[in-house]
1. Restricting attention to region 69-122, which residues are in contact with a helix residue (DSSP H, G or I) (Cβ under 8 Å, 6 or more places away or on another chain) and farther than 18 Å from residue 141 by Cβ?
2. Hey, can you tell me all the residues within region 71-98 that are within 20 Å of residue 30 (Cβ to Cβ) and part of a strand (DSSP E or B)?
3. Condition first: loosely packed, with under 15 Cβ neighbours inside 10 Å, closer than 23 Å to residue 127 by Cα and modelled with pLDDT of 50 or more. Now tell me which residues in region 1-45 satisfy that.
4. Every residue in region 93-122 that is in contact (Cβ under 8 Å) with a residue 40 or more places away in the chain and over 13 Å from the mean Cα position of the chain (by Cα), please.
5. Where in region 99-147 are there strands (runs of 3 or more DSSP E), lying wholly inside it, with at least 3 residues that are farther than 22 Å from residue 57 by Cβ and at pLDDT 90 or above?
């Protein structure tokens, strides 16, 4: 029964666009707050070692591989425990956009406590102990601050 529910959830993920999902901070740059609505694969709030939103990660990675628009939001802590929220987006063109909220990283220099935007042609699969794929920016990504 659980397997059937998981398959149904993955098969239906991203089928209906929803509004942008809020990130971890109430103040977002306009580029983040007003980003185009994409089908949502969900949100996860994980520790350094999980638990992961397996269904959301599978949904997003599948959308990425098939070049289907999708969004997935992950909040994970730094080593010191400060939350870093990352908004992964597969755009209608098949390219990838990533917004990263570094504003709450108290152990970074004040100049580094910013929002960053990565524009990428591809993503990298990151080996991990989770059954679902972990992913992140790769060498095709270009980072810039978001104002």
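1. Hits for region 69-122 are 69, 105.
2. The initial filter retains those residues of region 71-98 that are within 20 Å of residue 30 (Cβ to Cβ), namely 71, 73, 85-89, 91, 97-98.
The answer is 71, 73, 85, 86, 87, 88, 89, 97, 98.
3. If the condition is that a residue be loosely packed, with under 15 Cβ neighbours inside 10 Å, closer than 23 Å to residue 127 by Cα and modelled with pLDDT of 50 or more, then 45 is the only one that fits.
4. Of everything in region 93-122, those that are in contact (Cβ under 8 Å) with a residue 40 or more places away in the chain and over 13 Å from the mean Cα position of the chain (by Cα) turn out to be 103, 104, 115.
5. Working: elements: 115-120, 123-126, 134-137, 142-145.
Per the criteria, 142-145.
The values are calculated or read from the model by the stated rules, or taken from the named source; none is laboratory data. Keep in mind that this is a model prediction, so the values were computed, not measured. Please note: Cβ atoms are built from the backbone with ideal geometry, for glycine as well, and neighbour counts cover all protein chains shown.
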